[in-house]
Amino acid sequence: MSAIEITKEFVHELISHIESTNQEELLPVLEKLYPADIAELFDELNLKQAVYLASLLEPQKKVDVLTELEDNVKLKFLAGYTNEQIAHDFFAYIDSDDAADILNAMDSRQSKEILRTITDKEHSRNIASLLKFPENTAGSLMAKELIRVKENWTIKQCTDEIRIQAEEVSQVYTAYVVDEFEELLGWISLKKILLTPENQKVEDIYDNNIISESTYSSGEEVAATMQKYDLVAVPIVDAFNRLVGRVTFDDVLDYVKDEAEKDYQMLSGITGGKDTSDTVLSNTRARLPWLIVGLAGGIASSLVIGGFESELARNVQLALFMPLIMAMAGNVGVQSSSIMVQGLANNSITNSDVWGKLGKELIIAIINGLVCSGLLMGYGFISGNHLNIMMTVSLALLSVILMAAIIGTVVPLALDRLKIDPALATGPFITTSNDLLGLFLYFIIGNIFLA
């Protein structure tokens, strides 16, 4: 926990010291703040102030602050530096996966110039090798920095090499064992290395029961593997089972957080991963398409209502329950689709149990529909509404709940089969379609029973 509480007064005083370049006051404060705290402060500073504050930090801490910044803030902050400064002041100390993420967000010409300027050519090649992998794959999430040992080494050779390799690795969890062709064979804990006699061979003590992922495995697969086996890091191998990198839990945590934010925005009818700091035009482009979908759905609903105008004229009370039918259809559809999207995201739904999930949702819908219809009938009895009207509305409500549950369940599964993000099924799409179909079904039932 930070030794300093970050308040408005603190921020104002900090800005005052920055403007007066008062290093005597700033340095002790920065020493007590964690990188995440300093990154939070950057939201309150302009570019010039942020660059000056960063200039007072030690090289590694400055890089740690950079990695803590939100993606859009990173680029705004780095705009205060030349490409040469970015290469020497940041990329010389940053992990390869974090560097690749930043370069992917930059203009390709700028990315190439920064890579050429990095002094450590091996580090530059490691970063460049990550840029070829598609977004959200294990290859794009992994870092090249790790500890690897050869199976034919002695423990003494192993410890000597680990001391050298550890200088480039920010977090050391375990050592991976490879053969002469760099093929992954297993792993060995640092504790076991420390407790084993120096003259013993690695091949005699390493554990060959190792879990790995391919470079082209999806981020969801990596996250699911780490969650299932409670791993803090998972090695990544290429098509020939050669060790090429590792994904750590903090990388997966960031990935899962980003995906959850995207899914939540899709649920709300916003595309493109927008946040409050984006421009008005950018946010408008992200929201407007789904509002147009809702508008089209509203127009279609009005056409459905117009088509049953004569029915409404004969039974005016039907109009009173239209908002209820539309609201229940939308709510049930979003509930069912959200459960499906969540199950598909965490891989708890497989092809073998699709019918089981659909059957379960239907049973839930029938129970919920019967309860809601019963309550509606009770309300009708108490309020003195005509029995035929209430029976018709209650039957329509039960039918609409069943229909909405089916649509909410089937649409995400269908989109997943088509390799389309199931989160697109939620929010405005499901709500609008269920409103439209719910109204149509409501009037059909009303036309049959009240003719």
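What to note about this one:
- Set 201, 150: member being under 20 Å from residue 237 (Cα atoms) and either in contact with a His (Cβ under 7 Å, 6 or more places away or on another chain) or of a type outside the set (A, V, I, L, M) (or both): 150
- Residue pairs meeting the criteria (Cβ under 6 Å; at least 6 apart or on separate chains; first over 16 Å from residue 330 (Cα atoms), in segment 282-305; second at pLDDT below 80): 283/274; 286/270; 286/271; 286/272; 286/274; 287/270
- Evaluation of residue 108 against (1) among the polar types (S, T, N, Q); (2) in contact with a helix residue (DSSP H, G or I) (Cβ under 9 Å, 6 or more places away or on another chain); (3) outside the structural domain of residue 222 (by TED's automatic domain parsing) (one fails), failing number: (2)
- Residues in segment 207-217 that are surrounded by 15 or more Cβ atoms within 10 Å (Cβ to Cβ) and closer than 13 Å to residue 235 by Cβ: 210, 212, 213, 214, 215, 217.
- In segment 38-89, the residue that is surrounded by the fewest Cβ atoms within 10 Å (Cβ to Cβ) out of those that are in a helix (DSSP H, G or I) and of a type in the set (Asp, Glu) is 84.
- Residue 224 being surrounded by 16 or more Cβ atoms within 10 Å (Cβ to Cβ), at pLDDT below 95 and either closer than 27 Å to residue 91 by Cβ or among the aromatic types (Phe, Trp, Tyr) (or both): no
- Matching option when the condition is modelled with pLDDT of 85 or more and buried (at least 22 other Cβ atoms within 10 Å of the Cβ), among 426, 392: 392
The values are calculated or read from the model by the stated rules, or taken from the named source; none is laboratory data. Not measured: the values here are computed from a predicted model. With ideal geometry, Cβ positions are generated from the backbone for all residues, glycine too; neighbour counts draw on all protein chains shown.
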